[in-house]
Structure formats: structure tokens, C-alpha cells
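Colleague: Can you read through this structure? Questions will come right after.
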Amino acid sequence: MTAAETLAQDRYPTRSSHDSALLDRTDPVVWPGVTDGPASARDLETHEAKGFHTVEGLLSPAEVQTYWRELDRLTADEQVRADERTIVERGTDEVRSIFEVHRLSEAIAELVRDRRLLDRARQILGSEVYVHQSRINSMPGFKGNGFYWHSDFETWHAEDGMPAPRAVSVSIALTDNYPFNGGLMIMPGSHRTFVSCSGRTPEDNYRSSLTAQEIGVPDEQDVTRLGYEHGIEQFTGSAGSALWFDSNAMHGSGNNITPFPRSNIFVVFNSVDNALAEPFAGTRPRPRFIADPDATPVSR
Ligand code: 6CS
Ligand code: FE
């Protein structure tokens, strides 16, 4: 299919000059095809209905320590801090995110293959899966800036060429996630609406959007409409707990002015049947450390 035909068949048009619009999601949330795995029927029903579900104690306290030490090691490593995969907070040199951690850390590379992650992702996406993106979000105490409301899929569709919302993120808490230290807020049910955003995408938008996203964010009228329709829930939980959320769920987080960091590992699994095409915004594909074009399935 030519790029023009792909664009013509784009079921999730966004970031053209038009005004924003609310479109129906025309894809499943939990895809058929994989029955074996750790997710219960109730987990999958919740994920289908709300666009997310949680797993208490996904990691043991000892495992949390292992990954917390990894986060500490990476954050303190001068080479990693100088690497383009490390994003610092606007106005300070506090680490905000480190991307492609499954390639920077052998421990996280193993975690990605762990049945508790890999097999649950396969159940949700109904196929073999690969890692579209991984990152650690540090959300440090006092200076951790939040992430404004957005749909990840809107960005991954526009800037990475992800055809359909057949991807799922898992956010694993490495520190206790409280309501007051930047816990992720999510609108239950919002995953069924694709918010088509206005505004054109500048080339290399990621150089600013990973610090503060301004393009591809819904306008206040749409956030208000979704907020009143769906309400807002917040992922809070002790270190080791996990939130699995659909690529199109509307989510965001506030700033962290408390002394308590909210550090999480994020892994984004994409279906091998949803491999990246040309970016639908018409821009150059983003670098591999943000969006991997290699759809080779993860295997144990
Ligand atoms: O642009 C992205 O891929 C990243 N931006 C946000 C705000 N969430 C998803 C992802 O980490
Ligand atoms: Fe996000």
C-alpha cells in the first residue's frame, strides 16, 4: 500500500489543520487469539471496559529493590545522563525519563521477557508482541513535573506510524505511588474515543514533547467533555504494583512537590500485527529509542 493509500485509509486522522474532533475507536481493546496467560477473565473484562486494570504486587519487594538500584545506577551514570535517551526536566538537570531501558539494563531486558509481563501483554493484544518503547519516569521529589492530558496512541499514530491502538503499556511502581506525589490519573472508558487533535507536527517534535507535550494534546473543551463523561481515577499503589493501560486511554499526571519520588518503569508492548508504518502526521519517523520499527516478537 502506498503512503498515500495508507493516509487515505487512516481511521484515526489527527493533527491536520482542522479543529479537534472526538472519533469512535473502531478497534477492539482486548484482542482475541491468546487464551493462556496470567491475566484472569476479570482482569481482561476490566481492561476492556475501563481501558486499564491493576496488578497488586506484580514485583516482590526484593525485585523492587533490584530495579530501584538499576534506576539509581542509570540516573547516576554520567554517560547515560549525556545520552540522548535521557530527558531532563525543563529548567533543572533532574532526570525526567530514560528511554530504551530494556537495552540499557540487562535486568530490565529480562523483566520484559518475564511471563508476568510478556504473557499478559500477549493475552491483551491477542498475538505475539514486541517492545515499542520502554522508559523509566523518575518524577523526582520537589522538582518532578507532570505530563499533561494525552493519549499515547495519538502520538504513536501521528509521529511513529502505529496503525491501530493495538498496544498496551505497563507502569510498574518502583516507589509508593500516592495521590499527592504525581500518581497517574486516567479516565475510565476514555479509551473508546479517539481525540483527533488540531495543529501541525513540527519535525523532530520529540525534542520538546518529551519534556512538555504541546502538540497532540486535547483541547480543554475535549478534556472537559471526557472528564464529565468518564470521571477520573488515579493509580496509587505500593512499590511493586502495576497499572496496565490501553494505548488510547486519556491520562496525565500532576507535578510532584512532595519529598517522595514517584518512579516507575514503563514498558509498551505492541502487537507484531501492528508494526509501524509511515508516520501519519507526515513527519520523519522518531528515533528507535522512542519507537522501535523492528517488530520481531519478544521471546523467552
Ligand atoms: O511521546 C511518547 O512516546 C511519550 N510521551 C508521553 C507523554 N507518554 C507516552 C510516551 O512516553
Ligand atoms: Fe503517556
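Colleague: Looking at this structure, is His18 over 19 Å from the mean Cα position of the chain (by Cα) and not hydrophobic (A, V, I, L, M, F, W, C)?
Modeller: Values: over 19 Å from the mean Cα position of the chain (by Cα): yes; not hydrophobic (A, V, I, L, M, F, W, C): yes.
Yes.
Colleague: For the range 74-84, state whether one or more residues are surrounded by fewer than 22 Cβ atoms within 10 Å (Cβ to Cβ), modelled with pLDDT of 95 or more and touching a Gly at 6+ places or on another chain (Cβ under 6 Å).
Modeller: Within the range 74-84, none of the residues are surrounded by fewer than 22 Cβ atoms within 10 Å (Cβ to Cβ), modelled with pLDDT of 95 or more and touching a Gly at 6+ places or on another chain (Cβ under 6 Å).
Colleague: While we're here: Please go through (1) under 20 Å from Ser20 (Cβ atoms); (2) within 16 Å of the chain's Cα centre (by Cα); (3) modelled with pLDDT under 95 for Leu210 and return the number of the only condition it doesn't satisfy.
Modeller: Going through (1) under 20 Å from Ser20 (Cβ atoms); (2) within 16 Å of the chain's Cα centre (by Cα); (3) modelled with pLDDT under 95 one by one, Leu210 breaks only (1).
Colleague: Sticking with this one: Among (1) touching a Ser or Thr at 6+ places or on another chain (Cβ under 7 Å); (2) of a type outside the set (A, V, I, L, M, F, W, C); (3) within 13 Å of ligand 1 (Cβ to nearest atom); (4) more than 26 Å from Gly57 (Cα to Cα), which single condition is Asp204 missing?
Modeller: It is condition (1) that Asp204 fails.
Colleague: Checking the condition under 13 Å from the mean Cα position of the chain (by Cα), closer than 26 Å to Val88 by Cβ and more than 14 Å from ligand 2 (Cβ to nearest atom), which residue from Ile172, Ile186, Ile136 passes? Outline the logic, then answer.
Modeller: Details: Ile186 fails: more than 14 Å from ligand 2 (Cβ to nearest atom); Ile136 fails: more than 14 Å from ligand 2 (Cβ to nearest atom).
Being under 13 Å from the mean Cα position of the chain (by Cα), closer than 26 Å to Val88 by Cβ and more than 14 Å from ligand 2 (Cβ to nearest atom) holds for just one of Ile172, Ile186, Ile136, which is Ile172.
Colleague: State which residue pairs qualify: first residue at positive phi and inside the range 278-289, second residue polar (S, T, N, Q) in any location, beta carbons under 9 Å apart, and separation of 6 or more residues or different chains.
Modeller: Taking only residues 6 or more apart or on different chains, the pairs are Gly282/Thr201.
Colleague: Taking only the range 18-34 into account, find how many residues are surrounded by 10 or more Cβ atoms within 10 Å (Cβ to Cβ), assigned to a loop (DSSP other than H, G, I, E, B) and out of contact with any Cys (no Cβ under 6 Å at 6 or more places or on another chain).
Modeller: 11
Colleague: Condition first: in contact with a Gly (Cβ under 7 Å, 6 or more places away or on another chain) and surrounded by fewer than 20 Cβ atoms within 10 Å (Cβ to Cβ). Now tell me which residues in the range 181-204 satisfy that.
Modeller: Residues satisfying the conditions are Met185, Pro188, Gly189.
Colleague: Could we say that Ser263 is in contact with a Leu (Cβ under 7 Å, 6 or more places away or on another chain), more than 30 Å from Asp19 (Cβ to Cβ) and of a type in the set (Gly, Ala, Ser) here?
Modeller: Values: in contact with a Leu (Cβ under 7 Å, 6 or more places away or on another chain): yes; more than 30 Å from Asp19 (Cβ to Cβ): yes; of a type in the set (Gly, Ala, Ser): yes.
When the stated conditions are applied, Ser263 passes them.
Colleague: Among the numbered criteria (1) closer than 21 Å to His102 by Cβ; (2) of a type in the set (Phe, Trp, Tyr); (3) more than 16 Å from ligand 2 (Cβ to nearest atom), which single criterion is violated by Tyr228?
Modeller: Among (1) closer than 21 Å to His102 by Cβ; (2) of a type in the set (Phe, Trp, Tyr); (3) more than 16 Å from ligand 2 (Cβ to nearest atom), the lone unmet condition for Tyr228 is (1).
Colleague: For the range 139-160, indicate whether the set of residues that are near ligand 1 (Cβ under 9 Å from one of its atoms), closer than 25 Å to Trp68 by Cβ and among the polar types (S, T, N, Q) is non-empty.
Modeller: no
Colleague: Could you check the range 87-180 for helices (runs of 4 or more DSSP H) lying wholly inside it with 2 or more residues that are surrounded by fewer than 20 Cβ atoms within 10 Å (Cβ to Cβ) and at pLDDT 95 or above? Break it down stepwise before answering.
Modeller: Numbers: elements: 101-104, 106-113, 115-125, 152-160.
In the range 87-180, 106-113, 115-125 are the helices (runs of 4 or more DSSP H) which contain 2 or more residues that are surrounded by fewer than 20 Cβ atoms within 10 Å (Cβ to Cβ) and at pLDDT 95 or above.
The values are calculated or read from the model by the stated rules, or taken from the named source; none is laboratory data. Everything quoted here is computed from the prediction, not taken from an experiment. Glycine also receives a Cβ, built like all others from the backbone with ideal geometry; neighbour counts cover every protein chain displayed.
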